[in-house]
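Written below as structure tokens is the structure these notes are about.
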Amino acid sequence: MTCSLTKTISVLAFACFGLIAPTDLLANTAISPHDPLFNSDEPLTITLTGPFKTLDKQRDKSAEYEVGSLSYEGPVGPINIETRYKPRGNFRLEKENCSHAQLWLNLKKKQTKKTVFANQNKLKLVVQCRDSNRYQSYLRKEYLAYRMLNLMTEASYRVRWVTVTYQDLQGKNLRTQSAFLIEHKNRVADRLNLNPVDEQRINRTELDPVHATRAAMFNYFIGNADFSIVAATEGSCCHNAKLLRADDESPYVPVIYDFDSSGYVDAPYAITPAKLELRNVRQRIYRGFCTDPEVLDGILDEFRNKRESLLAVAAETDQVGKRSARKGVSYLKDFYSVIENPKRLKKKIIEVCR
């Protein structure tokens, strides 16, 4: 594989920092049971009680947490956990994009002992954006994107599908809808024996090249251009990614999230980053950094070896529908038509790396 002088310099920059290594930084990380919430793919049925009409109306993520509770049916009876709520997100926080606020759940940790929520304190709840089966399908496909990434690497957020009944503080049922819970970054870090870090911006040469390339390639696989693994639009780095590392001398491991703006999900509210001048969210663009050919080849081989497993997840029709599932699988197969064709691979990935 040949690269331009600029690309060669980028590769040499990785070498200068001692970061070129086609091996996975976490290759020897043991997969442990860790948190019971994310040890099962079985849907979980829960009831959330809180001031949801107020949360949907105000959408103020700087406000204090609102009190409420989470309950579900345990093995020997109902389990109730004090839970506070707060709106979160950016694009989906806006009312014109989503009817319901995306939520942080802050569980009283002492009450989670010996429950399915053991070890959990803060969790993201990804809420169905609007009240229709179509939006349930978009939600489910985003959930499946996380599941596909789980197949590729342990350095990924685990998720749990839930059916949620929302109640007001008087106990009146407001709605019952699908949602999914996302593992907190601190739990990901604990699981991987790494540390979460808060940086506004990092240099690309500080990234672990294997994890950086895999993250970029996965986003290319699902057609997601809305991310950065080196800088943030606001707050700590990065944009739709978080950084972990073993210590101050170790490379950063990016953990990506938020896949609803991908071509695979193809949600009607999704928009592409304006600076990229893409036709629509289904147009792929590779946004990975130039790296050693061995690293790139290794990541491409991972995707080739996982092809059947990845497409099997995308082919699931539960709460997606046959037509939408077929459309998603077809979209992902186009990725393979790129990486299996040397000319397309060179044009679409190798020559456009940054």
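Quick look at the values:
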| quantity | calculated |
| --- | --- |
| Positions within the range 81-99 being among the polar types (S, T, N, Q) and within 18 Å of LYS53 (Cβ to Cβ), in sequence order | THR83, SER99 |
| Test: residue in the range 2-23 that is polar (S, T, N, Q), buried (at least 16 other Cβ atoms within 10 Å of the Cβ) and at pLDDT 95 or above | no |
| Subset tally (residues that are among the charged types (D, E, K, R) and modelled with pLDDT under 95) for the range 196-214 | 3 |
| Residue match in the range 293-306 (condition: among the aliphatic types (A, V, I, L, M) and over 22 Å from the mean Cα position of the chain (by Cα)) | yes |
| Residue count for the range 116-146, restricted to those that are surrounded by 19 or more Cβ atoms within 10 Å (Cβ to Cβ) and within 26 Å of HIS34 (Cα to Cα) | 16 |
| Residue satisfying condition, being on the phi < 0 side of the Ramachandran plot, buried (at least 17 other Cβ atoms within 10 Å of the Cβ), touching a Ser or Thr at 6+ places or on another chain (Cβ under 6 Å) and acidic (Asp, Glu), within set ASP260, ASP226 | ASP226 |
| Any pair with Cβ under 9 angstrom, 6 or more apart, that starts in the range 318-332 at a residue that is closer than 15 Å to ALA267 by Cβ and ends at one that is in a loop (DSSP other than H, G, I, E, B) and among the basic types (Lys, Arg) | TYR331/ARG282 |
| Out of GLU308, GLU340, sole residue that is farther than 26 Å from LEU125 by Cα, touching a helix residue (DSSP H, G or I) at 6+ places or on another chain (Cβ under 9 Å) and not small (Gly, Ala, Ser) | GLU340 |
| Test: THR54 is at pLDDT 95 or above, of a type in the set (Val, Ile, Thr), touching a Gly at 6+ places or on another chain (Cβ under 9 Å) and surrounded by 14 or more Cβ atoms within 10 Å (Cβ to Cβ) | no |
| Breaking point among (1) surrounded by 15 or more Cβ atoms within 10 Å (Cβ to Cβ); (2) closer than 25 Å to HIS34 by Cα, for ASN193 | (1) |
| Subset of the range 40-64 [under 24 Å from the mean Cα position of the chain (by Cα) and over 30 Å from ASP318 (Cβ atoms)] | ARG59, ASP60, LYS61, SER62 |
| Matching entry among ASN173, ASN193 (being over 16 Å from the mean Cα position of the chain (by Cα), modelled with pLDDT of 95 or more, assigned by TED's automatic domain parsing to the domain that holds SER324 and farther than 29 Å from ILE349 by Cβ) | ASN193 |
| Total residues in the range 115-131, condition over 25 Å from SER62 (Cα atoms) and modelled with pLDDT under 95 | 1 |
| Strands (runs of 3 or more DSSP E) (entirely within the range 42-156) containing at least 2 residues that are of a type outside the set (D, E, K, R) and under 30 Å from TYR252 (Cβ atoms) | 102-107, 122-127 |
| Residue within the range 270-277 that is at pLDDT below 95, surrounded by fewer than 15 Cβ atoms within 10 Å (Cβ to Cβ) and of a type in the set (Lys, Arg) present | yes |
| Test: residue in the range 299-313 that is crowded, with 21+ Cβ neighbours inside 10 Å, within 25 Å of ARG204 (Cβ to Cβ) and not small (Gly, Ala, Ser) | yes |
| Qualifying residue in the range 342-349 (condition: at negative phi, at pLDDT 95 or above and part of a loop (DSSP other than H, G, I, E, B)) | yes |
| Hits in the range 154-173 - residues which are buried (at least 21 other Cβ atoms within 10 Å of the Cβ) and either over 29 Å from ASN186 (Cα atoms) or of a type in the set (S, T, N, Q) (or both) | SER156 |
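The rows are residues; the columns are (1) in a loop (DSSP other than H, G, I, E, B); (2) touching a residue at least 24 places away in the same chain (Cβ under 8 Å); (3) over 19 Å from GLU351 (Cα atoms).
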residue	(1), (2), (3)
ALA216	no, yes, no
TYR220	no, yes, no
LYS242	no, yes, yes
PRO254	no, yes, yes
ASP260	yes, yes, yes
TYR269	yes, yes, yes
ARG282	yes, yes, yes
ILE285	yes, yes, no
GLU294	no, yes, no
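The values are calculated or read from the model by the stated rules, or taken from the named source; none is laboratory data. Being a predicted model, the structure only gives us computed values, none of them experimental. A quick note on method: Cβ atoms are made from the backbone with ideal geometry, for glycine too, and the neighbour counts reach across all protein chains shown.
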